[in-house]
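First the structure, in the form of structure tokens, and then the observations on it.
The values are calculated or read from the model by the stated rules, or taken from the named source; none is laboratory data. Predicted model, so just to flag it, every value in this text is computed and none were measured. Positions of Cβ are backbone-derived with ideal geometry, glycine not excepted, and every protein chain shown enters the neighbour counts. In case anyone asks, the SASA skips ligands and DNA or RNA and just uses the protein heavy atoms, side chains included. Shrake-Rupley method; radii C 1.70, N 1.55, O 1.52, S 1.80 Å.
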Amino acid sequence: HLAPPLFARRNARGELVKRPFGPWVRVAFGLLAKCKGLRGGPFDPFGRTEERRVERALIGEYRDDIESLLQGLRRDNLTLAVEIASVPEGIRGYGHVKQRHLDAARAKRAALRLRWDASQA
């Protein structure tokens, strides 16, 4: 069962709907596996999707958070720092499921960062 963005229908909430595909999909996945060397490069067929762009941006945001946390880290705010650093662990799934978890993680991060900033003052 797959929901390829180019071919899948959407439900009432605008989410892609999975549908069954035949055994020929295994051959297609085999071809994709042989193109593994293209991943992350300019010829990556899936690298320009919005989901992949967000994933790459999240890496930068996480690094920035960690650097910021390390600069202000003290014994009394260690637990809060660990909690902020752990926020990305809640981002799971694919497609609309991942987006829902990402939205929740961003809200949690924002609330925790407010607490962090208040602890630095």
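Within the range 41-71, if we keep just the residues that are under 13 Å from the mean Cα position of the chain (by Cα) and β-branched (Val, Ile, Thr), the residue that is farthest from Ala110 (Cα to Cα) turns out to be Thr49. Filtering the range 18-36 to residues that are more than 15 Å from Leu6 (Cα to Cα) and open to solvent by less than 80 Å² (accessible area, probe 1.4 Å) leaves Gly22, Val25, Ala28, Gly30, Leu32, Ala33, Cys35.
For the condition polar (S, T, N, Q), open to solvent by 40 Å² or more (accessible area, probe 1.4 Å) and farther than 30 Å from Pro5 by Cα, Gln71 qualifies. Of the residues making up the range 79-91, those that are open to solvent by less than 90 Å² (accessible area, probe 1.4 Å) and farther than 30 Å from Glu15 by Cα are Leu80, Ala81, Val82, Glu83. Among the residues making up the range 46-68, those that are within 22 Å of Ser119 (Cβ to Cβ) and either surrounded by 12 or more Cβ atoms within 10 Å (Cβ to Cβ) or touching a Lys or Arg at 6+ places or on another chain (Cβ under 7 Å) (or both) are Glu61, Tyr62, Asp65, Ile66, Ser68.
The set of residues in the range 92-114 being touching a His at 6+ places or on another chain (Cβ under 8 Å) and open to solvent by 40 Å² or more (accessible area, probe 1.4 Å) consists of Arg92 alone.
Restricted to helices (runs of 4 or more DSSP H) entirely inside the range 24-95, those with at least 2 residues that are of a type in the set (D, E, K, R) and in contact (Cβ under 8 Å) with a residue 12 or more places away in the chain are 50-72.
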